[in-house]
Amino acid sequence: MSLLEHTLEELHTMLVNKETTAEEIMTAVFARISETEDKIGAFITITEEEALLKAREMDEAGIDPDDLLSGLPIGIKDNIITEGTLTTAASRILEDFVPIYDATVSKKIKEAGMISVGKLNMDEFAMGGSTETSYFKLTRNPWNLEKVPGGSSGGSAAAVASGQVPVALGTDTGGSIRQPAAFNGIVGMKPTYGRVSRFGLIAFGSSLDQIGPFSRTVKDNALVLNAISGADPADSMSAQQEVPDFTAGIEKGVKGMKIGVPKEYMSEGLQPGVKEAVLKAVETYRSLGAIVEEVSLPHSQYGIAAYYIIASSEASSNLQRFDGIRYGYRAEGAESLDELYIKTRSEGFGDEVKRRIMLGTFSLSSGYYDAHFKKAAKVRTLIRQDFEKVFDSYDLILGPTATTTAFDIGGKVKDPVAMYLADILTVPVNLAGVPAISIPCGFSEGMPVGLQLIGKHFDEQTIYRAAYAFEQATDFHKERPNL
Amino acid sequence: MTVNVNEQDIRHVAKLAKLEISDDEIKKFTVQMDNIIDMVEQLDTLDTKDVPEMYHGAFIENVMREDKAVPGTDREALFENVKESKDGLIRVPAIIDNGEGDA
């Protein structure tokens, strides 16, 4: 059994018992990366030397038995800034950007003793659902190299699914953790908005963005969320809430838990194999003692439209900072400041980023503000109220993460609207700010299917408990792609 | 309200966003943007007259901190990512054309 088949807890025990060393684990990580990276293309930057050095240092200092994550490897999505390590957000406009400080989460994983092995590919500025809009490279799905890994955190998901790293960080603005987790047959959590500091996350849609973990098992996921959560004076939207131990009570089971399945999430548009896998998951939950009933989130169909207006409007404002002056790409040959801005941005941003900036600019422009931006903000209230109504009587909401399994490379990238519509089951969660996880629940035509569990604000614990119960009752998380 | 965007609208929006769309690409962008705007305008079918707006997903509290000076980011470090600088200032092309160029 390869070292990478172990959970974080197992690796920790092996480290404490001196059955392995941090260096040995790190060496196994880079061996696996060099064996698979040509096929997968998960990384933009690999920091092998630094990681091995750090691992040796930790071995010399001795692994603290109380520090569960210390000495263990992690990958980081390339829109999370890392001091001294190239951070590009997969954009030409940041092709040479080396941050001079750490994001709060980068600092927190270091404090937990975790060692970053590199920066993971993604859609440019996290705008996309397939990782195909990256300026640098294509990432392939380890289950089928002709399929996309999903996005925007496609590199993070593919790296974990292919056994390159045990865990990784991603970000989710409209599904960018959950959808790639589903497409790769792994666990991906988008925490409650405010649970994890966004300081040092290259902003896309500030009222929606959250950082969260990818892992192969539910408990590993909870352990990483433990390490990155908490209030942060540098992010004024981070929640002042106490952070519980997300693994506490994880094995309590789902007996008596009330789970709602929105009829809108199970409608016609689902790939038959996805629907079948989710219905089987419902039966599994019933057999474990949960009460599963149909509910309604009546405004779900408006989620995509509201999301694309809001996220793009926020992006058009956030991305104004990329102007070629203080950092990043600067166009050559501009004769005036205005020309410098325009040339830098036109050469530095890819098409999808331009489309979103233009949609946002349009939605916020005079004459369209009320009909677009304000209207979307009202619809957002309706979507949030839908969730609140269901959560008055239910502990969790269950449904598919995506309507299909991973699609073909090149299949949607030329049709932006088709790509946007694929987010229909994930964006309402971001609009409402609630937490949600995707866990593996089966296969359809050889590709993994994701089960989405949505919880109340700041109730990630119930999500983890239900996800863990499902994982214990099934073997989907033990399946591995043939690489 | 249903809008059909034309090439002129796209050029206008691009200008507001400090982007330039080449003549080769303007057709493609116009069709795509028109489709996207059609898609988002399905919100028009929903009556939201008395619904309040929601601009974020958080429960905001006013968080106070002690009014104490703390060190900011190091100025020299901030310059590490600047492409061109002179005398501790960022160098850019002429902002106002006064006929002297960027001396």
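Here are some notes:
- Placing a label point 7 Å from the Cα of A:Lys389 along the Cα-to-Cβ direction, the residues of segment A:245-270 with a backbone N closer than 18 Å are A:259-267.
- Apportionment of accessible area to carbon and sulfur, chain A, percent (1.4 Å): 48
- The protection proxy used here, the mean number of other Cβ atoms lying within 10 Å of each residue, ranks peptides A:16-23, A:435-442, A:78-85 as follows, highest first: A:435-442, A:78-85, A:16-23.
- Legend: distances between Cα atoms for A:Lys107/A:Lys190; A:Lys258/A:Lys456; A:Lys39/A:Lys219; pairs beyond 23 Å are A:Lys39/A:Lys219.
- At an R0 of 35 angstrom, the distance between the Cβ atoms of A:Asp66 and B:Asn62 translates into a FRET efficiency of 0.45.
- Shielding by partners, peptide A:343-354 (average Cβ within 10 angstrom, other chains): 3
- Sequence-distant contacts, meaning Cα pairs under 8 Å at least 6 residues apart, place the relative contact order of chain A at 18 percent.
- At q = 0.08 Å⁻¹, base-10 log of I(q)/I(0) for the protein assembly as shown (Debye sum, equal scatterers on each alpha carbon): -0.52
- In summary, the aspartates and glutamates within cross-link reach of A:Lys374, defined as a Cα separation below 16 angstrom excluding same-chain residues under 8 places away, comprise A:Glu314, B:Glu41, B:Asp44, B:Asp47, B:Asp50, B:Glu53.
- Of A:Val117, A:Asn430, A:Ser287, farthest towards positive along the dipole that unit charges on Lys, Arg, Asp, Glu beta carbons give the protein assembly as shown: A:Ser287
- Across A:Lys77/A:Lys275; A:Lys375/B:Lys27; A:Lys252/A:Lys378, pairs whose alpha-carbon gap is larger than 32 Å: A:Lys252/A:Lys378
- When peptides A:322-328, A:361-367 are ranked by their average number of other Cβ atoms within 10 Å per residue, the highest-first order is A:322-328, A:361-367.
- Separation in nanometres of the label points that stand 7 Å from Cα toward Cβ, at A:Thr13 and B:Ile26: 6.7
- Set of aspartates and glutamates near B:Lys86 by C-alpha distance (under 13 Å), chain-local residues within fewer than 8 positions excluded: B:Glu76, B:Asp102
- Order by protection proxy (mean Cβ within 10 Å, highest first), peptides A:244-250, A:116-122: A:116-122, A:244-250
- Peptide A:411-417 - average C-beta neighbours from other chains (10 Å radius): 2
- Which listed pairs, of A:Lys412/A:Lys478; A:Lys412/B:Lys15; A:Lys255/A:Lys280, have C-alpha distances above 24 Å, in listed order: A:Lys412/A:Lys478; A:Lys412/B:Lys15
- Given a 1.4 Å probe and the protein chains as shown, A:Glu339 ends up with an accessible area of around 70 Å².
- Residue separation of A:Leu279 and A:Val417 scaled by 0.36 nm, minus their Cα-Cα distance, works out to 46.8 nm of gained length.
- Listed by chain and number, the aspartates and glutamates whose alpha-carbon sits under 13 Å from that of B:Lys49, ignoring those within fewer than 8 places in the same chain, are A:Asp370.
- Average beta-carbon neighbours from other chains, 10 Å sphere, peptide A:435-446: 0
The values are calculated or read from the model by the stated rules, or taken from the named source; none is laboratory data. Fair warning: this is a prediction, and the values are worked out from it, not measured in the lab. Counting neighbours? That spans all protein chains shown, and the Cβs are built from the backbone with ideal geometry, glycine included. Each accessible area value is taken on the protein alone, full model and side chains, heavy atoms only, with ligands, DNA and RNA left out. Shrake-Rupley method; radii C 1.70, N 1.55, O 1.52, S 1.80 Å.
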